[in-house]
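**Q** Sharing a structure below in structure tokens format, with a few things to ask.
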Amino acid sequence: MFKIVNSCKYFVLLLVFSLAVPLLPSAQIAAQTSEAGVLFLLIPPGARHNGMGETGVSTANDANAIYWNPGAVSFLTTPEQPRNVQFMHVNWLPQFNLNDIFYDYGSIIWNIENFGIVGFNFTFLNLGEQIATDALGNENGRITSYDIAVGGTYAMKLSPDLGVGGNLKFIYSKLSDKGSTAETEKGIGSSVAIDVGVMKKNFFISDLTFGASLANIGPEIAYADEKQADPLPTNMRIGLSYPVFKSEYNNVLVAYEINRQIVRGRRNGADPLYKAVFTTWVDNGWHRLGHNFGTEYTYSDFLALRSGMSLDFAGKLYDLNFGAGIKYSLFRIDFAYTTNLGSSFNPRDGSQFYSIGLTF
């Protein structure tokens with residue numbers, strides 16, 4: 001029986017990763033400005049990770065790892081406590097003073113003995129209510145807009161220090177349920193995507209953790225005209241984390257990672273993703289890297305204090321992050337706050353993230 005189950009888990013993993021192959025040619029990259037759609041897929045979940053400067057690819061230690069690095073999921077449960085549930089809420093882009101724009105993310109992972117870890121996640125961005133107009137600018141009622149994605153995850157260990165995983169998700173984006181005229185199509189689009197990731201513990205030296213992920217690999221999404229379809233915001237993350245201080249009650253973890261959105265529209269054609277992973281670095285591509293720094297102090301696995309920075313030089317968005325968390329029994333509650341470091345307008349300034357988690 002064990003041999004059958006063990007063979008099945010390798011088959012499932014192979015199936016998840018093989019789904020990427022037919023999707024790769026449809027993803028595109030450009031040298032300059034981003035034209036990706038459904039950017040809600042890039043909003044980072046988890047108050048812990050936001051408090052640490054939006055780092056997570058090498059530090060994820062709960063079900064939010066599905067977003068940050070599916071490979072990390074393989075390290076996160078035990079036979080004694082095989083399940084972890086996470087939920088986060090944030091009023092998104094508070095500088096716009098629009099109370100009906102909010103973001104929710106929920107996830108659950110479950111360790112199935114002799115098979116691996118499976119998970120489920122959902123992402124929801126409410127864009128609020130707007131006034132619809134026709135082609136002449138006349139009011140045509142009101143519409144509500146939102147984005148949603150739901151996904152299923154599988155992760156496993158290839159060795160005690162090496163974990164891999166994948167997440168397959170369905171994306172639905174509703175900008176409008178009516179056109180500007182009777183002949184105009186509705187502003188609704190859908191697509192599918194996969195995320196893949198790997199985590200390596202004791203990377204060259206003891207306690208150094210390496211993580212890498214490639215998220216949102218999939219076909220373009222179109223709302224009304226296939227000729228104007230937008231590529232998904234395929235994003236690459238690579239990072240390291242290391243406990244610079246460890247004792248019986250006090251621990252300090254530091255993390256650094258880079259991220260790069262590698263799917264972009266291009267006027268004179270596009271590269272398929274398998275090629276774009278390499279060509280994205282030309283034409284000053286290194287300047288478009290995002291840099292994330294984070295640190296976390298924990299006391300006796302009860303109290304956590306966090307800080308970090310998220311630096312987007314190309315977009316001129318510079319965030320300073322703070323956070324705190326308390327763990328008691330099966331529950332963990334986390335909070336994070338973002339403030340603007342730069343002089344230019346930053347709609348994320350003042351964002352407050354709230355998370356609650358349960359391990360059982």
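A short reminder: the numbers here are calculations on the coordinates, not readings from a lab. Owing to the predicted nature of the structure, the values given are computational and were not obtained by experimental measurement. Please note: Cβ atoms are built from the backbone with ideal geometry, for glycine as well, and neighbour counts cover all protein chains shown.
**Q** Extent of region 72-120 along each principal axis, from alpha carbon coordinates, in Å, largest to smallest?
**A** Projected onto the principal axes, the Cα atoms of region 72-120 cover 49, 15, 15 Å.
**Q** Turning to a different aspect of this structure: I'd like the Kirkwood hydrodynamic radius of region 216-360, using the inverse of the mean 1/r over distinct C-alpha pairs, in Å.
**A** 18.2 Å
**Q** While we're here: Only counting other Cβ atoms within 10 Å, I'd like 147, 62, 312, 195 sorted with the fewest neighbours first.
**A** Ascending Cβ contact count within 10 Å gives the list 312, 147, 62, 195.
**Q** Could you list the square roots of 5 times each eigenvalue of the Cα gyration tensor of region 88-234, that is, the equivalent ellipsoid semi-axes, sorted largest first and rounded to whole Å?
**A** 39, 17, 14
**Q** A follow-up question, please. In vacuum, with every alpha carbon of region 304-349 counted as one equal point scatterer, what does the Debye formula give for log10 I(q)/I(0) at q = 0.33 Å⁻¹? Two decimals, please.
**A** These q points yield log10 I(q)/I(0) values of -1.14.
**Q** Quickly rank 69-75, 274-280, 152-158, 91-97 as a protection proxy: mean count of other C-beta atoms within 10 Å, highest first.
**A** Per-residue Cβ counts within 10 Å, averaged per peptide and sorted highest first, yield 69-75, 152-158, 274-280, 91-97.
**Q** Within a 10 angstrom radius of the beta carbon, how do 225, 349 rank from fewest other beta carbons to most?
**A** Numbers: 225 8, 349 17.
Taking fewest neighbouring Cβ atoms as first place, the list is 225, 349.
**Q** Taking a threshold of 32 Å on the Cα-Cα distance, which of the pairs 169/316; 169/275; 200/227; 200/275 fall above it?
**A** The answer is 200/227.
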